[in-house]
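Visitor: Below: one structure in C-alpha cells.
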Amino acid sequence: MRRWSWLFFIAVMVVLAGCSLPRFSLFPEAGPLKEVTLEGSGDEKILVLTINGPISDQPKQKLLRTNPGMVQELVTHLQLAEKDSKIKALLLKVNSPGGPVTASDILYHEISEYKARSGAKVIVAMMDVAASGGYYLSLPADWIIAHPTTITGSIGVIFLRPGVSGFMEKYGFAMNINKSGEEKDMGSPFREPTAKDEAIFQDLTNQMAQRFYSLVQEHRKLTAQQMEQIKTARIFLAPEAQHLGLVDEIGYLKDAVAKAKSLAGLKADAKVVTYRRQESEEDNIYNSAMSGPQGGPEANLPTLAHFLTIPEAGFYYMWPAAMGGQ
C-alpha cells in the first residue's frame, strides 16, 4: 500500500512540475534560416539552393505540423539572399520531374526577378531528373550543367483528370447535375468528355505549351529543327540534351561551382554557402536533405494519393513517369 502511495505522490509532483521540466519533442521545430559555409573562406559568396522533388505551392503536411511549401520556401530563401550583397552567384541544384503549371511558372518568375534585382549570376546543376517544370524553372540560368546521367526534357504540358463514369455505370451509381451552361461540368469525372470538351481541353493545353516553347526559345536561342524535336515532349539524357542546346555543359557539382566563380568573377577562395533551418554534421555541397525549398527532415504525412502517386486534376509541366520515385 505504501508503495502505491509513493508512486501516486511522484506522479502528482511530476504533473504539478510539468511546466518546469525540460520539454522533449521527437520532431523538434525547424528554426529560422541560418547561413552555413560549405567551403571556402573568401569574402564574396556563392549561394547553393536545392529544388528537390515534385513542384508544389501547397504546404507540406508533416506528422505533427505543417511546413511551408516549395514556392513559399524558395521565396523566403531568395528574400534572405537579396539582403546579402556579398552573394554574387546563385547555384541551383535541380532534381525535379516538374509539377503544376502555375507553381512552376511562379518559381521561374521568382528566380528571374531575383536575378534581375540582385545582379547575381544563376547557374543550374541538374541532378537525377530536371524534366518539364524542373527544366522550366531552370530557364533563367546563365549556365546549365547536367550530370552525366541526368534525365531532362519532357518539355510540354499534360492535362490530367480522373474518370469514374464507367465504374459508376457498371455498379448502378449516378451523379445528378444541374448546370447553368453547356460546358459547366466539362472535365467532371462523372461523365465521359464530349468531342467539344476534348477540343477545348486540347486548345488550353496547346496554349500553355506554347508559353513553355516561347520561353525555351527566348532563353536558349534554338533552331527550328531543334525546337521541332523538343516539342515531341520526349525525355533526353545529358549528351543529347546538350546537342539540342537544352544544357550548356556536362559535369559535376564541382564544375558548377567553378563555373559560378568564373561567371561572377570571383576568386578561387570564394565562400560556398547555403541556408539551413537545422544544423547538419559534416556538411557539404552534396547535402540536399535540408537545404533549399523542400522542408525539413521529418517524414511527410502519408496519404492514399502519396502511395498511388495520383496528382490532382489539372494542367502540369510534369514528367509523370518520374513521380513515383520522388
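The values are calculated or read from the model by the stated rules, or taken from the named source; none is laboratory data. The structure displayed is predicted, hence computed values, not measured ones. Please note: Cβ atoms are built from the backbone with ideal geometry, for glycine as well, and neighbour counts cover all protein chains shown.
Visitor: Hey, any hits in the stretch 37-45 for a residue that's at negative phi, in a helix (DSSP H, G or I) and at pLDDT 95 or above?
Guide: no
Visitor: Could you check the stretch 191-280 for helices (runs of 4 or more DSSP H) lying wholly inside it with 2 or more residues that are modelled with pLDDT under 95, over 15 Å from V157 (Cβ atoms) and out of contact with any helix residue (DSSP H, G or I) (no Cβ under 9 Å at 6 or more places or on another chain)?
Guide: Values: elements: 195-220, 224-230, 238-243, 253-264.
Output list reads 195-220.
Visitor: From the list K259, K254, K267, K221, which one is exposed (fewer than 12 other Cβ atoms within 10 Å of the Cβ) and touching an Asp or Glu at 6+ places or on another chain (Cβ under 9 Å)?
Guide: Numbers: K259 fails: exposed (fewer than 12 other Cβ atoms within 10 Å of the Cβ); K254 fails: touching an Asp or Glu at 6+ places or on another chain (Cβ under 9 Å); K221 fails: touching an Asp or Glu at 6+ places or on another chain (Cβ under 9 Å).
Residue meeting the stated conditions: K267.
Visitor: Looking at the stretch 93-157, what strands (runs of 3 or more DSSP E) fall wholly within it and have at least 1 residues that are crowded, with 20+ Cβ neighbours inside 10 Å and among the polar types (S, T, N, Q)? Let's see the steps before the verdict.
Guide: Numbers: elements: 98-100, 121-131, 143-146, 151-153.
Per the criteria, 151-153.
Visitor: If only one of E110, E82, E73 is in contact with a Pro (Cβ under 9 Å, 6 or more places away or on another chain) and not β-branched (V, I, T), which one is it? Give the derivation first.
Guide: Details: E110 fails: in contact with a Pro (Cβ under 9 Å, 6 or more places away or on another chain); E82 fails: in contact with a Pro (Cβ under 9 Å, 6 or more places away or on another chain).
Criteria check complete, one pass: E73.
Visitor: Sticking with this one: Exactly one condition in (1) in a helix (DSSP H, G or I); (2) under 16 Å from A264 (Cβ atoms); (3) of a type in the set (A, V, I, L, M) is not met by L90; state its number.
Guide: Evaluating L90 over (1) in a helix (DSSP H, G or I); (2) under 16 Å from A264 (Cβ atoms); (3) of a type in the set (A, V, I, L, M) leaves (1) as the failure.
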